[in-house]
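First the structure, in the form of structure tokens, and then the observations on it.
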């Protein structure tokens, strides 16, 4: 099984260890992982800002890079959601391209969903001594149906306990460029989230998307919380943490 | 109503720091969400009912002209007069004409958001007539110098009972009360006199039923029943999109509307009004008028956001919206707040006056998953962002920034070089605690947050050199 690993631009730039952790998990599940070297971004920032032409160009690029793989897997509900639920809309007027991106969409998966439902991973390499709380990132939850999968995997991590926070499905306020254009509202939403994380008493908040990670970590630190770790689910499962 | 949507950010800033409002918003939010969720359990298959609701609304919109003609024919046959208003000014002119025809001095109103679009109350008062709002929320706002509504089904939800008590004390000259029950009784006492002395009652319309020429009103206070049956003239005002083909359709939509709105199986009152009082009938107005309103709706019907017209005005999208929950309805600056307003406002008043509204969304899609008629609100917000981008309404530096970033992202070698430099600069900015406290570009981020600094090498660099963690 040839799995094309879509690193995502935020993992590439901000937290490369997440990418290596994800590859380790995919390989532990028996996948042959390929990382197309020319990949950059899925085009979501352009798409969500109304710049359709650039979003199309980047979608066509991703298509060319991953079309030959059996699956496209990303350590992100947001980027995999972009490919799976929105690429077709970008080529609504081009039946040939539309057919091709629909085929790509059909084999696009979020990492934890792929580990649970395709690779049926029964053991994970990681270990975590402490309590974590899980934040459901919006696109993963509502576009990719990611809810039980990360929790099922976390349950396999020796030493790890999960303490669910209140409103775990409420948006953290990231929203891509929303976080910059409407910084004050975005920070308030993040602050609400931090309050729920703190109330859960967890040592770490675990989640599946880099944007939400940066947002939550940024607000936690600004609130003066230097202790609560903010970890990508792949880092916890693979036992690779900064 | 005056449009203030171009000041969304500034208004939101004020509301975020209004402690009393924040406390009121927190109290409301949990109630709406929990009640809705509990009420869904009674419906065997709520998702299938949503599908049916969507199909009913689509069928109405696809042949809207046909249903409108059928409605007009049937309503006229039952003795009502059907009038069409193209602009907000037309709504007000028609109401004043009807009032003049019947020698009306005093008008009572049950809740109508459409009449907020045309600021009807102000037009009535400017013509020298008296108008009294009878929906409790609308009444509270009216006696507070016509404060705008902050929610489509609970216009005064932003107010606490203490604030309402103060208002009643001031407006009625009665002793200050504290209990909700006694406040309601006081309002009832005041409003009763108006029901009995008004010459004309104005209502909104949740649905206009084509097959019967009826208007359906969904309320909880009983005020709409009194408003539409006690005065000699009844005028029902609603949008062209509120047409549904049959009463059977209304039955299905009523399985969705109260549950999505207030978490009720059914509202306390559902009025189906068909024609004026007939011979030998005891209840009803002697004269019945419909004002069927366009005010931008045909434009929406012809646009790529037409799905928004399926809306049945339950308010679930705003009740569940994390942005609305924190900034409140007044931030949005016009009649309809929240996700539904972020589409309707730019479409009805012009995108150039309201382009912040579709932008002020995280695309979390909580609105989309609760909408009873499956309006894909984030997709429609994105369409409006596309319109803003295409029309050049965004600041030049933002557009240029996106263009440049996308241009680089299409050139892997250049992208690799740029990102290599970028992550090193950002790492250096991070300092000892690994946090960037102030970003020179995108400073909106660091107003309320730090930016965790990157690792300093990109994944692609590390992967190529084989230095990736333990992999």
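Taken together, the values in this text are just the output of simple stated rules run on the coordinates, not laboratory data. Keep in mind the model is a prediction, meaning the values are calculated, not measured. Neighbour counts run over all protein chains shown; Cβ positions are idealised from the backbone, glycine included.
Put the Cα centre of the range A:115-163 next to the Cα centre of the range A:183-239 and the gap is 16 Å.
In the range A:2-117, the inverse of the mean reciprocal separation of distinct Cα atoms equals 14.1 Å; this is its Kirkwood hydrodynamic radius. Dividing the convex hull volume of the alpha carbon atoms of the protein assembly as shown by its residue count gives 157 Å³ per residue. Measuring max minus min along each principal axis, the C-alpha atoms of the range B:397-464 give extents of 33, 32, 12 Å (largest first).
At a temperature of 25 °C and a viscosity of 0.890 mPa s, determine how fast the range B:43-295 diffuses translationally according to Stokes-Einstein, using the Kirkwood radius over alpha-carbon pairs as Rh; express D in µm²/s, rounded to the nearest whole number.
On the way: Rh = 18.8 Å.
Answer from the Stokes-Einstein relation: 130 µm²/s.
Each residue, residue A:28 and residue A:67, gets one label point 7 Å from its Cα in the Cβ direction; the gap between the two is 3.5 nm. Per residue of peptide B:378-385, the mean number of Cβ atoms on other chains within 10 Å of the residue Cβ is 3.
Dividing the summed -39500 (n - 2.57) terms of all DSSP H runs of n ≥ 4 by the residue count of chain B sets its mean residue ellipticity at 222 nm at -15500 deg cm²/dmol. The distance from the alpha carbon centre of the range B:171-232 to that of the range B:327-380 is 29 Å, rounded to a whole number.
For chain A, adding -39500 (n - 2.57) for each run of n ≥ 4 DSSP H residues and dividing by the number of residues yields -14000 deg cm²/dmol at 222 nm. Axis angle, to the nearest 10 degrees, between helix B:46-62 and the longest C-alpha principal axis of chain B: 70 degrees. For residue B:393 and residue B:283, the FRET efficiency from 1/(1 + (r/R0)^6), where r spans their Cβ atoms and R0 equals 45 Å, is about 0.30. With Rh defined as the Kirkwood radius, the inverse of the mean 1/r over Cα pairs, the Rg/Rh of the range A:66-132 is 1.14. Taken over chain B, the ratio of Cα radius of gyration to 2.2 N^0.38 Å equals 1.13. Report the paramagnetic label zone for residue B:84: residues of the range B:294-318 whose backbone N is under 17 Å from a point 7 Å from Cα along the Cα-to-Cβ axis. Backbone N within reach: B:294-302. With coordinates expressed along the principal axes, the C-alpha atoms belonging to the range B:170-243 extend over 50, 25, 16 Å, beginning with the largest. For the pair residue B:2 and residue B:45 in one chain, pulling the backbone fully straight at 0.36 nm per residue adds 11.3 nm over the alpha carbon distance.
Computed from the C-beta positions of residue B:160 and residue B:17 and an R0 of 25 Å, the FRET efficiency is 0.90 to the nearest 0.05. To the nearest 10 degrees, how steep is helix A:183-200 against the longest Cα principal axis of chain A, on a 0 to 90 scale? Relative to chain A, helix A:183-200 is tipped by roughly 50 degrees.
Take the Cα of residue B:404, step 7 Å toward its Cβ, do the same at residue B:251, and the gap between the two points is 6.3 nm. Among A:118, B:163, the order by Cβ neighbours within 10 angstrom, fewest to most, reads B:163, A:118.
In terms of overall dimensions, chain A has a Cα radius of gyration and Dmax of 17.4, 53 angstrom. With a cut-off of 18 Å on the backbone N, the residues of the range B:414-446 near the modelled label site 7 Å out from residue A:226 along Cα-Cβ are B:430-438. The alpha-carbon positions of the range A:71-204 define a convex hull whose volume is 110 Å³ per residue.
If packing is taken as the average number of other Cβ atoms within 10 Å across a peptide's residues, how do B:113-126, B:224-237 rank, most packed first?
Packing proxy ranking, top to bottom: B:224-237, B:113-126.
For labels at residue B:63 and residue A:117 in the simple 7 Å Cα→Cβ model, what's the distance in nm? Those two pseudo-labels are separated by 3.9 nm. What do you get for the angle between helix B:412-430 and the principal long axis of chain B? Use alpha-carbon atoms, 0 to 90 degrees, nearest ten. Helix B:412-430 and the main axis of chain B meet at about 90 degrees. Computed over the alpha-carbon atoms, the range A:172-242 gives an Rg to Rh ratio of 0.97, Rh here being the Kirkwood radius from the mean inverse distance. Arranged from fewest to most other beta-carbon atoms within 10 Å of their beta carbon, B:407, B:334 become B:407, B:334. The stretch between residue A:93 and residue A:198 holds 33.0 nm of extra length on full extension. This uses 0.36 nm per residue minus the Cα-Cα distance. From least to most packed, judged by other beta carbons within 10 angstrom and beginning with the fewest, B:56, B:91 follow the order B:56, B:91.
For the range A:1-21 versus the range B:277-320, the spacing of their alpha-carbon centroids is 50 Å.
Applying the Kirkwood pairwise sum to the alpha-carbon positions of the range B:181-298 produces a hydrodynamic radius of 15.3 angstrom. The peptide list B:301-308, A:133-140, A:110-117, B:275-282, put in order of mean Cβ contacts within 10 Å with the highest first, becomes A:133-140, A:110-117, B:301-308, B:275-282.
Ratio of Rg to Rh for the range B:231-327: 1.04 [Cα atoms; Kirkwood radius as inverse mean 1/r over pairs]. If R0 is taken as 51 Å, the Cβ-Cβ distance between residue B:181 and residue B:73 corresponds to a FRET efficiency of 0.65.
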